[in-house]
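Chemist: One structure coming up, written as structure tokens, with questions to follow.
The values are calculated or read from the model by the stated rules, or taken from the named source; none is laboratory data. All values reported here derive from a predicted model rather than from experimental measurement. Neighbour counts are summed over all protein chains in view; Cβ atoms, including those assigned to glycine, are modelled from backbone coordinates with ideal geometry. Just the protein is used for accessible areas: all its heavy atoms, side chains included, with ligands, DNA and RNA removed. Shrake-Rupley method; radii C 1.70, N 1.55, O 1.52, S 1.80 Å.
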Amino acid sequence: MSDTAVFDEMGWPGETRAPYALVDAWLKSVPHEQLALKRREAEGLFRRIGITFAVYSEGGDPERLIPFDLIPRVLAQAEWQRLKLGLEQRVKALNAFIHDVYHDREILRAGRVPEQLVINNSQFRPEMAGFDLPGHIYSHIAGIDMVRTGPDQYYVLEDNCRTPSGVSYMVENREVMLRLFPDLFRRASVAPVAHYPDELLETLRSVPPPNCRGEPTVVLLTPGIHNSAYYEHAFLADEMGIELVEGEDLLVQGDVCYMRTTRGLARVDVIYRRIDDDYIDPLVFNPNSMLGVPGLYFAYRAGNVNLTNAIGAGIADDKAVYIHVPEMVRFYLGEEPLLSNVPTWDCRLPEDLKYVLAHLDELVVKAVHGSGGYGMLVGPHATQAQLAEFAALLRARPHDYIAQPTLALSTVPTFVENGIAPRHVDLRPFVLSGGDRIRIVPGGLTRVALREGSLVVNSSQGGGTKDTWVLEG
Amino acid sequence: MHLTIHHGTLYRYGEAANRVFQALRLWPIPGGGQVIRDWRVEIDGRKLRPTCRDGFGNPAATHVIDGPVASLSIVVHAEVDTQDRHGVLGDAVESLPPLFYLNSTELTAIDPALQALADAQRDTSGGEIAQLHRLCDSVRERVEYRSDSTHVTTSAAEALAHGAGVCQDHAHVLIATARALGFPARYVSGYLCASADGAAASHAWAEIHVSKLGWVGFDATNRICPDERYVRVAVGRDYRDAAPVRGVRHGGLAETLEVRVRIGEGQ
């Protein structure tokens, strides 16, 4: 796959593809000096909003802005509809899988997914066994990372079923674009994204715990201001009009969860938690956690509070479990998967490991439990020293790695130092699964690798973002 | 056998605690042929019922006491009819597959000494049960029973290196070595009516999954499979999962414990 031509979504250098007609005309008419000016204006707006991102294990400005590119990424309505159906199908199957592995484990008994891969996985939480959740939903908010290699070729790169972040950029990028280029939006009919927080709140309200009476009270639980995504937590709580709380603001009494307010204790029904499983309750998980709430797990199991996403949802986004998602779609839904997986070598299998070691310079190698682009090797761009280092890692701990072909990720025109040039992108749509239905705001977060030729779009690795347009009608 | 359990625990705080929060696993998990005639748990004289089951199937509840708290009493009073099944569990409904109990934990992590102890019992002559009895004996020989020689966070590796411990440590060492031999193994907390004079205690032992019989109890401390003098309460991968009481508190220095357990036969 690495030797196929790169698909440019605008059609560059050939004929402009239809969805990009307006963007192309705009880029031809607007002087680059004006774009540079607008870019500085955009940066000012982001600074004022306070949207920053703390990057781990890197020096420099801890409150660094993620670079924003002014040129939107555009999808036609028909393209989006196809993606949307595939996303709904995939997330349904993922939720069915998580429910199954914590109940009857039918897919394991049927031998369709290896039992050991699930049961002896560190993401499998025994604390969830035999526990029925409202609507049987575990990953209420899922971020599905997609890449495109051709007009009709999309691949799912990974599923983020725990606490996917980045949706605040999706909303803010649009907000900034609307302010900078109101004319553009008068000429194009772009599906809105500003209502994402409303859709999220409706989703959270649709999964009250069994013992909830009346309209559920929803709060957002954050680890606090030192978390890299704290801005997003504050933003979403504010937009939804719900309380942003930390562990010490909550109290469990008689296996019921309350929040401390100026008027006393108020019962809490649904918690959109942005803290990891290990920190939720020191009485069950990490005993040294200061972030969680003692007893919260028991209130959860007693049916007095619901947590989104559920504890243990991570079993579905393990990079080795990922390999089996198409099989989940067939097993639970009896349908053929609409979205493809990237072909993946599972390094725990001797045959696969052998292939990977022999073709290391062509492949992308990822740590099974890694995220954010850490612990990753892009073979074609790696030095001899990096290749040797990964070969040693693979031989020592094959269970911790998977490998995939280096995909020719699609490109989108991007405003860089020396003008406008194609840069590789991915897409993270956010899929909301409620007790009533699935909601997806059109588009998602487009991440762009700003360095020429780079395929790594993670913001921690020098990636930026773009506004994502889904054209209406 | 009809057993009467009276288990009282008194927590005293050197300096009053502002808040004490506890999760209790003090109610018996179903299975093992025990018939519960009566089972009451009281916190400072107030009755507490289990409100949920955890993932291992253990009934559980939490309680919080807002301070100042100088002391706190937990009393379990129970009447149970038991039978001798030679440790074979048989009838329990399991929420997790046996394979799960091959996973090790911090308290049961393998080290070279534990591995060597396990490797010395690879001889399968006489069948799995005979092999496990030999393992059980070797664990007991290497870890002397000595009260107060370890604490609740002592790992299997530490207990073996120390050469002494209590029933919790015997169970952890047996679990770690059984897993190293490929047997799913788990921790059981409960009660044991140990002698004719009624002297008894909270106790802990292991359950090991064997191919023909399913889960079978092994008490390394006493080198036997549990009989009618044993009452199962909670199970898990290790002590942390099955602990009768796990707590956090704000303030309150130097927690001390007084435990009184009486288990009598008949009434």
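Chemist: Does segment A:248-278 hold any residues that are touching a residue at least 24 places away in the same chain (Cβ under 8 Å) and among the β-branched types (Val, Ile, Thr), and which are they?
Modeler: Listed by number, the residues that qualify are A:VAL252, A:VAL256, A:VAL268, A:VAL270, A:ILE271, A:ILE275.
Chemist: Another question about this same structure. Does A:VAL284 satisfy being away from every other protein chain (no Cβ under 14 Å), buried (at least 24 other Cβ atoms within 10 Å of the Cβ) and closer than 28 Å to A:ASN120 by Cα? I'd like the intermediate steps shown before the answer.
Modeler: Numbers: away from every other protein chain (no Cβ under 14 Å): no; buried (at least 24 other Cβ atoms within 10 Å of the Cβ): yes; closer than 28 Å to A:ASN120 by Cα: yes.
Against the criterion (away from every other protein chain (no Cβ under 14 Å), buried (at least 24 other Cβ atoms within 10 Å of the Cβ) and closer than 28 Å to A:ASN120 by Cα), A:VAL284 does not qualify.
Chemist: Could we say that A:VAL147 is open to solvent by less than 30 Å² (accessible area, probe 1.4 Å), in a helix (DSSP H, G or I) and away from chain B (no Cβ under 14 Å) here? Full working, then the answer.
Modeler: Values: open to solvent by less than 30 Å² (accessible area, probe 1.4 Å): yes; in a helix (DSSP H, G or I): no; away from chain B (no Cβ under 14 Å): yes.
No; evaluated as a whole, the condition is false for this residue.
Chemist: Count, please, the residues in segment B:98-108 that happen to be open to solvent by 40 Å² or more (accessible area, probe 1.4 Å) and more than 9 Å from chain A (Cβ to nearest Cβ).
Modeler: At the first step, the residues of segment B:98-108 found to be open to solvent by 40 Å² or more (accessible area, probe 1.4 Å) are B:98-99, B:102, B:104, B:106.
Within this subset, residues satisfying the condition of being more than 9 Å from chain A (Cβ to nearest Cβ) are B:98, B:104, B:106.
Residues meeting the conditions: 3.
Table: residues versus (1) surrounded by 15 or more Cβ atoms within 10 Å (Cβ to Cβ); (2) within 20 Å of the chain's Cα centre (by Cα).
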| site | (1), (2) |
| --- | --- |
| B:VAL93 | no, yes |
| B:GLU128 | yes, no |
| B:LEU132 | yes, yes |
| B:THR153 | no, yes |
| B:ALA156 | yes, yes |
| B:ALA159 | yes, yes |
| B:ASP169 | yes, yes |
| B:VAL173 | yes, yes |
| B:ALA178 | yes, yes |
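Chemist: Mind telling me which of the residues B:ASN58, B:ASN18 ends up being touching a Gly at 6+ places or on another chain (Cβ under 8 Å), of a type outside the set (Gly, Ala, Ser) and open to solvent by less than 40 Å² (accessible area, probe 1.4 Å)? Walk me through it before giving the result.
Modeler: Details: B:ASN18 fails: open to solvent by less than 40 Å² (accessible area, probe 1.4 Å).
After applying the criteria, what remains is B:ASN58.
Chemist: Let me ask something else about it. May I ask you to verify whether A:GLY303 is of a type outside the set (S, T, N, Q), within 13 Å of another protein chain (Cβ to nearest Cβ), in a loop (DSSP other than H, G, I, E, B) and under 27 Å from the mean Cα position of the chain (by Cα)?
Modeler: Numbers: of a type outside the set (S, T, N, Q): yes; within 13 Å of another protein chain (Cβ to nearest Cβ): yes; in a loop (DSSP other than H, G, I, E, B): yes; under 27 Å from the mean Cα position of the chain (by Cα): no.
Against the criterion (of a type outside the set (S, T, N, Q), within 13 Å of another protein chain (Cβ to nearest Cβ), in a loop (DSSP other than H, G, I, E, B) and under 27 Å from the mean Cα position of the chain (by Cα)), A:GLY303 does not qualify.
Chemist: For the subset of segment B:201-224 comprising residues that are in contact with a His (Cβ under 7 Å, 6 or more places away or on another chain) and assigned to a strand (DSSP E or B), which member is surrounded by the fewest Cβ atoms within 10 Å (Cβ to Cβ)?
Modeler: Going through segment B:201-224, the residues in contact with a His (Cβ under 7 Å, 6 or more places away or on another chain) turn out to be B:202, B:215, B:220-221.
Remaining after also requiring assigned to a strand (DSSP E or B): B:202, B:215.
Details: B:SER202: 21, B:TRP215: 23.
By that ranking, first place goes to B:SER202.
Chemist: Right, here's the next one. Hey, could you check segment A:341-366 for residues that are assigned to a helix (DSSP H, G or I), within 24 Å of A:SER122 (Cβ to Cβ) and hydrophobic (A, V, I, L, M, F, W, C) and say which is least open to solvent (accessible area, probe 1.4 Å)? Before the answer, list the steps.
Modeler: Keep residues of segment A:341-366 that are assigned to a helix (DSSP H, G or I), which gives A:350-358, A:360-362.
Those left that are additionally within 24 Å of A:SER122 (Cβ to Cβ): A:350, A:352-353, A:356.
Retained after the next criterion (residues that are hydrophobic (A, V, I, L, M, F, W, C)): A:353, A:356.
Working: A:LEU353: 30, A:VAL356: 0 Å².
Here the answer is A:VAL356.
Chemist: Please verify whether A:VAL219 is at pLDDT 95 or above and either within 23 Å of B:VAL248 (Cβ to Cβ) or charged (D, E, K, R) (or both), treating the condition exactly as stated.
Modeler: Details: at pLDDT 95 or above: yes; either within 23 Å of B:VAL248 (Cβ to Cβ) or charged (D, E, K, R) (or both): yes.
Yes; evaluated as a whole, the condition is true for this residue.
Chemist: Looking for whichever is in contact with a helix residue (DSSP H, G or I) (Cβ under 6 Å, 6 or more places away or on another chain), within 13 Å of chain B (Cβ to nearest Cβ) and open to solvent by 10 Å² or more (accessible area, probe 1.4 Å) here; the options are A:ARG274, A:ARG260. Which one fits?
Modeler: Working: A:ARG274 fails: within 13 Å of chain B (Cβ to nearest Cβ).
Just a single option satisfies the conditions, and that option is A:ARG260.
Chemist: Also, quick follow-up: Being small (Gly, Ala, Ser) and within 13 Å of another protein chain (Cβ to nearest Cβ) is the filter here, so list the residues in segment B:18-41 that pass it.
Modeler: So in segment B:18-41, the residues small (Gly, Ala, Ser) come out as B:23, B:31-33.
B:ALA23, the sole residue that qualifies.
Chemist: Further, regarding this structure: Considering only residues that are of a type in the set (A, V, I, L, M, F, W, C), part of a helix (DSSP H, G or I) and in contact with a His (Cβ under 8 Å, 6 or more places away or on another chain), which ones fall in segment A:172-221? Step through it out loud before you land on a result.
Modeler: First pass over segment A:172-221, keeping only residues of a type in the set (A, V, I, L, M, F, W, C): A:176-178, A:180-181, A:184-185, A:188, A:190-191, A:193-194, A:200-201, A:204, A:207, A:212, A:218-221.
If we keep only those that are part of a helix (DSSP H, G or I) too, we end up with A:176-178, A:180, A:184-185, A:200-201, A:204.
Selection gives A:LEU204 alone.
Chemist: For A:LEU265, are the conditions met, namely being outside any loop (DSSP other than H, G, I, E, B), within 12 Å of another protein chain (Cβ to nearest Cβ) and over 31 Å from the mean Cα position of the chain (by Cα)? Can you show your working first?
Modeler: Working: outside any loop (DSSP other than H, G, I, E, B): yes; within 12 Å of another protein chain (Cβ to nearest Cβ): yes; over 31 Å from the mean Cα position of the chain (by Cα): yes.
Yes.
Chemist: Here's another thing I want to ask about it. Taking into account only those residues within segment B:54-73 that are in contact with a helix residue (DSSP H, G or I) (Cβ under 9 Å, 6 or more places away or on another chain) and facing chain A (nearest Cβ under 7 Å), which is farthest from B:ARG232 (Cα to Cα)? Break it down into steps so the answer makes sense when it comes.
Modeler: Restricting attention to segment B:54-73, the residues satisfying the condition of being in contact with a helix residue (DSSP H, G or I) (Cβ under 9 Å, 6 or more places away or on another chain) are B:54-56, B:58, B:60-62.
When the remaining residues are screened for being facing chain A (nearest Cβ under 7 Å), the result is B:54-56, B:60-62.
Numbers: B:ASP54: 16, B:GLY55: 17, B:PHE56: 13, B:ALA60: 14, B:ALA61: 18, B:THR62: 20 Å.
Result: B:THR62.
Chemist: Tell me whether segment A:228-247 contains one or more residues that are within 14 Å of chain B (Cβ to nearest Cβ), crowded, with 24+ Cβ neighbours inside 10 Å and either touching a residue at least 24 places away in the same chain (Cβ under 8 Å) or out of contact with any helix residue (DSSP H, G or I) (no Cβ under 6 Å at 6 or more places or on another chain) (or both).
Modeler: Of all residues in segment A:228-247, those within 14 Å of chain B (Cβ to nearest Cβ) come to A:247.
Within this subset, residues satisfying the condition of being crowded, with 24+ Cβ neighbours inside 10 Å are none.
The answer is no, given that none of the residues of segment A:228-247 is within 14 Å of chain B (Cβ to nearest Cβ), crowded, with 24+ Cβ neighbours inside 10 Å and either touching a residue at least 24 places away in the same chain (Cβ under 8 Å) or out of contact with any helix residue (DSSP H, G or I) (no Cβ under 6 Å at 6 or more places or on another chain) (or both).
Chemist: Cβ-Cβ under 8 Å, sequence separation 6+ or interchain: first residue in segment A:9-25 and within 19 Å of A:HIS424 (Cβ to Cβ) and among the acidic types (Asp, Glu), partner surrounded by fewer than 16 Cβ atoms within 10 Å (Cβ to Cβ) and at pLDDT 95 or above. Which pairs?
Modeler: Between residues of segment A:9-25 that are within 19 Å of A:HIS424 (Cβ to Cβ) and among the acidic types (Asp, Glu) and residues that are surrounded by fewer than 16 Cβ atoms within 10 Å (Cβ to Cβ) and at pLDDT 95 or above, there is no close pair.
Chemist: Now a separate question. Check segment A:189-197 and report whether any residue there is more than 22 Å from A:ASN306 (Cβ to Cβ), over 22 Å from the mean Cα position of the chain (by Cα) and not β-branched (Val, Ile, Thr). It would help to see each step written out before you state the result.
Modeler: Start the filter on segment A:189-197 by keeping residues that are more than 22 Å from A:ASN306 (Cβ to Cβ), which leaves A:189-195.
From what is left, the residues that are over 22 Å from the mean Cα position of the chain (by Cα) are A:189-190.
Going one step further and asking which of them are not β-branched (Val, Ile, Thr), we end up with A:189.
Scanning segment A:189-197, I find at least one residue that is more than 22 Å from A:ASN306 (Cβ to Cβ), over 22 Å from the mean Cα position of the chain (by Cα) and not β-branched (Val, Ile, Thr), so the answer is yes.
Chemist: Restricting segment A:176-191 to residues that are open to solvent by 60 Å² or more (accessible area, probe 1.4 Å) and touching a residue at least 60 places away in the same chain (Cβ under 8 Å), which is farthest from A:ILE242 (Cα to Cα)? Lay out the reasoning, then the answer.
Modeler: Here is the first cut: in segment A:176-191, the ones open to solvent by 60 Å² or more (accessible area, probe 1.4 Å) are A:178-179, A:183, A:186-187, A:189.
Applying the additional criterion that residues be touching a residue at least 60 places away in the same chain (Cβ under 8 Å) yields A:179, A:187, A:189.
On the way: A:ARG179: 26, A:ARG187: 36, A:SER189: 31 Å.
Among those residues, the one meeting the criterion is A:ARG187.
Chemist: Do you know which of the residues in segment A:405-440 that are crowded, with 20+ Cβ neighbours inside 10 Å and among the polar types (S, T, N, Q) is nearest to the chain's Cα centre (by Cα)?
Modeler: Here the answer is A:SER433.
Chemist: If you don't mind, another one. Given the conditions (1) within 20 Å of the chain's Cα centre (by Cα); (2) within 13 Å of A:VAL321 (Cα to Cα), and given that A:ASN95 satisfies all but one, which numbered condition is not satisfied?
Modeler: Condition (2) is where A:ASN95 drops out.
Chemist: Restricting attention to segment A:387-398, and to residues there that are in contact with an Asp or Glu (Cβ under 9 Å, 6 or more places away or on another chain) and open to solvent by 20 Å² or more (accessible area, probe 1.4 Å), which single residue is nearest to A:HIS369 (Cα to Cα)? So that I can check it myself, show each step before the final result.
Modeler: Step one: list which residues in segment A:387-398 are in contact with an Asp or Glu (Cβ under 9 Å, 6 or more places away or on another chain), which gives A:387, A:393-394, A:398.
Subsequent filtering for residues that are open to solvent by 20 Å² or more (accessible area, probe 1.4 Å) retains A:387, A:393, A:398.
Numbers: A:LEU387: 20, A:LEU393: 14, A:PRO398: 13 Å.
Result: A:PRO398.
Chemist: Ok, one more. Conditions first: (1) in contact with a strand residue (DSSP E or B) (Cβ under 6 Å, 6 or more places away or on another chain); (2) of a type in the set (S, T, N, Q); (3) within 14 Å of another protein chain (Cβ to nearest Cβ). A:SER289 passes all but one, so which condition is the exception?
Modeler: That leaves (1) as the condition not met.
Chemist: Another question about this same structure. For segment A:320-340, which positions are in a loop (DSSP other than H, G, I, E, B) and open to solvent by 20 Å² or more (accessible area, probe 1.4 Å)? Step through it out loud before you land on a result.
Modeler: Of segment A:320-340, the ones in a loop (DSSP other than H, G, I, E, B) are A:320-321, A:334-339.
Within segment A:320-340, A:GLY334, A:GLU335, A:GLU336, A:PRO337, A:LEU338 meet the criteria.
Chemist: Counting only residues that are within 11 Å of chain B (Cβ to nearest Cβ) and either under 24 Å from A:ARG330 (Cα atoms) or open to solvent by less than 40 Å² (accessible area, probe 1.4 Å) (or both), give me the helices (runs of 4 or more DSSP H) lying completely in segment A:66-144 with at least 2 of them. I'd like the intermediate steps shown before the answer.
Modeler: Values: elements: A:77-101, A:106-109, A:115-119.
Qualifying helices (runs of 4 or more DSSP H): A:106-109, A:115-119.
Chemist: Within segment B:42-53, can one find any residue that is buried (at least 20 other Cβ atoms within 10 Å of the Cβ) and either away from chain A (no Cβ under 11 Å) or touching a residue at least 60 places away in the same chain (Cβ under 8 Å) (or both)?
Modeler: The answer is no, given that none of the residues of segment B:42-53 is buried (at least 20 other Cβ atoms within 10 Å of the Cβ) and either away from chain A (no Cβ under 11 Å) or touching a residue at least 60 places away in the same chain (Cβ under 8 Å) (or both).
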